[in-house]
Amino acid sequence: MSEPNRFDVVVVGAGNAAITAAVSAYEHGKTVCVLEKASRDLRGGNTRFTGGVFRFAYDGPNDIIGIAADAGDLEQKGASVGYYTESAFYDDLMNVTEGRADPTLTELLVRESLSTMQWMAGLGVGFHMAGVTYAVGHVRTATRTTTAPTGTLTRATGEGPQLSETLFRIAGEREIPVFYDTMMLDLDFSESGSVRGVIVRDAADQTRTIRARNVILACGGFESSPEMRSRYLGPLWDNCKVRGTRFDTGDGLNIALRAGARAFGQWSGCHATPIDVHAPDYGSIEIWDKTNRLSYPYSVMVDREGSRFVDEGEDFAGYTYAKYGRAILERPGSVAYQIFDAKCDGLLEPRYSTGTPVIAQTIEELAVAIGIDPEVLCHTIAEFNDSVNDVEFSRAVLDGNRTDGLVPKKSNWAQRIDAPPYTCFPVTCGITFTFGGIQINEQSQVLDGRGRVMPGLYAAGEMTGGFFYQNYPVGSGLMRGAVTGRIAGAHAALEGPRP
Ligand SMILES: Cc1cc2nc3c(=O)[nH]c(=O)nc-3n(C[C@H](O)[C@H](O)[C@H](O)COP(=O)(O)OP(=O)(O)OC[C@H]3O[C@@H](n4cnc5c(N)ncnc54)[C@H](O)[C@@H]3O)c2cc1C
């Protein structure tokens, strides 16, 4: 039986941004379909590989109870869920992007975050607060202290795999068709310049046009294309590992740019993190985000030459992890070594259990085992230990336990590495997603090179530029996708007649 060929709204992609867009358009009474390049087995884009962490603004427990199933319990047990004001969220986005994030889009993300979370919870997406670890779980208040040691961020229950499954279930309950193995090849425009469909290569290897009054592009960035990575991010990037889906190869970006959309945001920038050196080349659905190695604030991190190269304790990992992947990629051999001592027992994220550490009783022994000149590594560790000042260690705050006179400095959690056994995790760079995109307005409508709306064309999620530059605060990608997806779906559905 042939598939229907005409819808009010066609959504390209099947991640979080796409499915929220499709459901939002459906809720406004429109016929919708979803096009997924991947097979049913591999569906769901990067969304499926996520830790499911969502960052959103809230004013206190009342905002969270009703979203996160365990928020009330935590409060009753005396653990404050704290608060995270819109201005704190806005400031975090601006701080990590060095003030370059687009103010209008940033405000949109912040302003719509809570209501979007409430909407998703109402649709049946499960969320909880417990289990967001120390490494990623902190938010800052104006005083830069944490409001609660764990759980100030919210996770989708079951993380990315279950989030993705739930989103497909929600779409299925609404009988929104998802066409698998169906790849957008191009957009189709009327003579007046309005979008009127999508040209696809479908599962039967036929090229055909699916007609639509509105098209929502939610088909990811270009992190899985070695060609585009090396073109926009730099030559080193054709060699990095990809943390998520292999299907986000920039198709939607190339097609939209060719049609006249305006490139926006940091095309040379991306989110890339320290991951296990033995992680697979592309994300594995079995272990999704478990190859991340984000307890480095408690470590001394050295390159293959035995030199430190970043401030491991600049901030909580959730505010530095997205830029330290690049720092590792740029070191010799694109590898680094996170070295912990016995004082760090119990501080490492559970995700480290998926790796195989090198363990030694002395630094010399460790150096030999990992192939670093022992004299150099001993010198690096001794110099580090000598520069540590003796402030009380606390993982729950930026503890000011820093080095003096060392380059690069370590600003927090700088405990001496002097208690054997020494444990070392070799890491490399894993790209998560790219920052460059096309420009949208507050209705998620795509703008052309003249800054005008491209009639009928919307974009959501990773494809949208202007949100992130240089760096990124943990949990903002899923939130950006859901906010822009929901808006795109609603606006596409409500848009008036076009010539
Ligand atoms: C390992 C990992 C962990 C992460 N953890 C978090 C986290 O905890 N919190 C957070 O906020 N963010 C996290 N992120 C980032 C997050 O995944 C993204 O920001 C978000 O999922 C992007 O959603 P999206 O819908 O825009 O894109 P995706 O989920 O990547 O979806 C894109 C879709 O487009 C499809 N597609 C591509 N090209 C075509 C085409 N030509 N035709 C049809 N379909 C096409 C793809 O197959 C895919 O289904 C993580 C990412 C990774 C890789």
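The values are calculated or read from the model by the stated rules, or taken from the named source; none is laboratory data. Keep in mind the model is a prediction, meaning the values are calculated, not measured. Positions of Cβ are backbone-derived with ideal geometry, glycine not excepted, and every protein chain shown enters the neighbour counts.
Please find, within the stretch 9-39, the residue that is nearest to D188 (Cα to Cα) out of those that are of a type in the set (G, A, S) and near the ligand (Cβ under 6 Å from one of its atoms).
Among residues in the stretch 9-39 that are of a type in the set (G, A, S) and near the ligand (Cβ under 6 Å from one of its atoms), the one nearest to D188 (Cα to Cα) is G13.
Taking interchain pairs and intrachain pairs at least six residues apart, which have beta carbon atoms under 6 angstrom, with the first residue in the stretch 40-60 and more than 11 Å from the ligand (Cβ to nearest atom) and the second part of a strand (DSSP E or B)?
Close Cβ pairs satisfying both conditions: A57/Y84; Y58/Y84.
So for the stretch 303-316 (the condition being within 16 Å of the ligand (Cβ to nearest atom) and in contact with a His (Cβ under 7 Å, 6 or more places away or on another chain)), does at least one residue qualify?
Looking through the stretch 303-316, at least one residue is within 16 Å of the ligand (Cβ to nearest atom) and in contact with a His (Cβ under 7 Å, 6 or more places away or on another chain).
Of these, S268, S299, which one is small (G, A, S), out of contact with any strand residue (DSSP E or B) (no Cβ under 8 Å at 6 or more places or on another chain) and at pLDDT 95 or above?
Only one candidate passes the filter, namely S268.
Condition check ((1) among the acidic types (D, E); (2) in contact (Cβ under 8 Å) with a residue 12 or more places away in the chain; (3) more than 12 Å from the ligand (Cβ to nearest atom)) across all residues:
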{"site": "G221", "(1), (2), (3)": "no, yes, no"}
{"site": "S224", "(1), (2), (3)": "no, yes, no"}
{"site": "L233", "(1), (2), (3)": "no, yes, yes"}
{"site": "R243", "(1), (2), (3)": "no, yes, no"}
{"site": "R246", "(1), (2), (3)": "no, yes, no"}
{"site": "D251", "(1), (2), (3)": "yes, yes, no"}
{"site": "I255", "(1), (2), (3)": "no, yes, no"}
{"site": "A259", "(1), (2), (3)": "no, yes, yes"}
{"site": "G269", "(1), (2), (3)": "no, yes, yes"}
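What residue, of Q162, Q206, is under 21 Å from the mean Cα position of the chain (by Cα) and more than 12 Å from the ligand (Cβ to nearest atom)?
The conditions single out Q162.
When the stretch 455-476 is examined, which residues are found to be within 13 Å of the ligand (Cβ to nearest atom), of a type in the set (G, A, S) and within 25 Å of H28 (Cα to Cα)?
If the condition is that a residue be within 13 Å of the ligand (Cβ to nearest atom), of a type in the set (G, A, S) and within 25 Å of H28 (Cα to Cα), then A459, A460, G461 are the ones that fit.
Which of the residues belonging to the stretch 34-60 are over 12 Å from S164 (Cβ atoms), at pLDDT 95 or above and crowded, with 23+ Cβ neighbours inside 10 Å?
V34, L35, K37 - these are the residues of the stretch 34-60 that are over 12 Å from S164 (Cβ atoms), at pLDDT 95 or above and crowded, with 23+ Cβ neighbours inside 10 Å.
For the stretch 210-230, name all the residues that are part of a helix (DSSP H, G or I) and either touching an Asp or Glu at 6+ places or on another chain (Cβ under 8 Å) or surrounded by fewer than 21 Cβ atoms within 10 Å (Cβ to Cβ) (or both).
Result: P226, E227, R229, S230.
Give L478, L457 a once-over and let me know the one that is closer than 20 Å to M94 by Cβ, hydrophobic (A, V, I, L, M, F, W, C), buried (at least 24 other Cβ atoms within 10 Å of the Cβ) and in contact (Cβ under 8 Å) with a residue 60 or more places away in the chain.
L478
Assess whether Y319 counts as being among the aromatic types (F, W, Y), out of contact with any Ser or Thr (no Cβ under 9 Å at 6 or more places or on another chain) and within 15 Å of the ligand (Cβ to nearest atom).
yes
Does L153 satisfy the criteria of being surrounded by 18 or more Cβ atoms within 10 Å (Cβ to Cβ) and modelled with pLDDT of 95 or more?
no
Can you tell me which residues in the stretch 231-262 are surrounded by fewer than 18 Cβ atoms within 10 Å (Cβ to Cβ) and not charged (D, E, K, R)?
Matches in the stretch 231-262: G234, P235, L236, N239, N254, L257, G260.
Of all residues in the stretch 424-454 being more than 16 Å from the ligand (Cβ to nearest atom) and assigned to a strand (DSSP E or B), which is surrounded by the fewest Cβ atoms within 10 Å (Cβ to Cβ)?
So, considering only residues that are more than 16 Å from the ligand (Cβ to nearest atom) and assigned to a strand (DSSP E or B), the one surrounded by the fewest Cβ atoms within 10 Å (Cβ to Cβ) is V453.
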